[in-house]
Amino acid sequence: DANDDAVRLATGRALATADDGAADALSVIEPVNAEGPYGPLKDEFSVTLLVRAGEKDRALAVAQATAEKPDARLPDVVRLGDTYSALDRNAEAAQAYARAIRIAEADPELQPVRWSLYMLRGGALERAGDWGKALPALTKAAELAPNDPTALNYLGYAQIERGQNIAKATVLIQRAAELKPDDPAIADSLGYALLLRGDVDNAIVALERAVAGQPADPTINEHL
């Protein structure tokens, strides 16, 4: 049924599994009614496909239009931030994530996701070169999710990379490693932190574990 929006979206997702399937998938989902029940899924999928196809300006236009609708939801605003990030427009991504945080802060049902939004904003600010604003955002993420290894590791590594608060940052990374001992990125952070503190023997152990998990990663190999 060529007029069935659900069928078109399902077909588009199937086509998109091919490495060069983005253009075909876009053409299939284009007729989906943007105002119908599948409209939000079409918008989300379109942005992803357009970024993959290298049509970044079109991707941003769709993301902006969706985020500016009167009934825009949290995922719409986060998608706008993600699209700015994909375009390496990190300052604008941080602004979008700040808006997402305001939406989440005002909705009791969205409280559990606040930490991830602060982390997204902190990461965007860091990449934009605004470490002064990035650090409070990343700290807030870790405070809201004290048992999330990704938040702990990000905050810890971002500080040791800058030679700041190395002792406290190492504690954060050690906690992350306890929560997720098989994660190569966290093992790398731990090894690098231990190295900066002069604990070379234990640093080598952690870094060898990291390299075993990601043998082709240049940063991990450099640290080892």
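Observations, loosely collected:
- When segment 147-198 is filtered for residues that are among the aliphatic types (A, V, I, L, M) and open to solvent by 40 Å² or more (accessible area, probe 1.4 Å), the ones remaining, listed by number, are Ile166, Ala167, Val171, Leu172, Leu179, Ala185, Leu195, Leu196.
- Residues that are in contact with a helix residue (DSSP H, G or I) (Cβ under 8 Å, 6 or more places away or on another chain) and either open to solvent by 60 Å² or more (accessible area, probe 1.4 Å) or at pLDDT below 90 (or both), drawn from segment 49-65: Val51, Arg52, Ala53, Lys56, Arg58
- Here is the figure for segment 72-90: residues that are assigned to a loop (DSSP other than H, G, I, E, B) and at pLDDT 95 or above total 1.
- Selection count, segment 101-130, where residues are open to solvent by less than 40 Å² (accessible area, probe 1.4 Å) and acidic (Asp, Glu): 1
- For segment 177-200, the candidate set comprises residues that are among the charged types (D, E, K, R), more than 19 Å from Pro215 (Cα to Cα) and not in a helix (DSSP H, G or I); within that set, the residue that is nearest to the chain's Cα centre (by Cα) is Arg197.
- Check on Lys133, open to solvent by 50 Å² or more (accessible area, probe 1.4 Å) and either closer than 28 Å to Arg73 by Cα or under 17 Å from the mean Cα position of the chain (by Cα) (or both): yes
- Only listed residue being assigned to a helix (DSSP H, G or I) and either polar (S, T, N, Q) or farther than 20 Å from Leu135 by Cβ (or both), chosen from Leu172, Leu207: Leu207
- Condition broken by Ser27, with the remaining ones in (1) modelled with pLDDT under 95; (2) within 20 Å of Leu125 (Cβ to Cβ); (3) assigned to a helix (DSSP H, G or I); (4) open to solvent by 20 Å² or more (accessible area, probe 1.4 Å) satisfied: (2)
- In segment 209-222, residue surrounded by the most Cβ atoms within 10 Å (Cβ to Cβ) [restricted to those that are in contact (Cβ under 8 Å) with a residue 12 or more places away in the chain and out of contact with any Leu (no Cβ under 6 Å at 6 or more places or on another chain)]: Ala210
- Selection of first residues in segment 1-27 that are farther than 15 Å from Asp43 by Cα and of second residues that are acidic (Asp, Glu), restricted to Cβ pairs under 8 Å at least 6 apart or on distinct chains, gives the following pairs, ordered by first then second residue: Val7/Asp1; Leu15/Asp24; Ala18/Asp24.
- So Ala206, is it open to solvent by less than 40 Å² (accessible area, probe 1.4 Å), without any contact (Cβ under 8 Å) to a residue 60 or more places away in the chain, under 28 Å from Ser85 (Cα atoms) and touching a helix residue (DSSP H, G or I) at 6+ places or on another chain (Cβ under 8 Å): no
The values are calculated or read from the model by the stated rules, or taken from the named source; none is laboratory data. Because the structure is predicted, anything quoted here is derived from the model rather than measured. Positions of Cβ are generated from backbone atoms using ideal geometry, with glycine treated the same way; all protein chains shown enter the neighbour counts. The accessibility values were calculated without ligands, DNA or RNA, using every heavy atom of the protein model including side chains. Shrake-Rupley method; radii C 1.70, N 1.55, O 1.52, S 1.80 Å.
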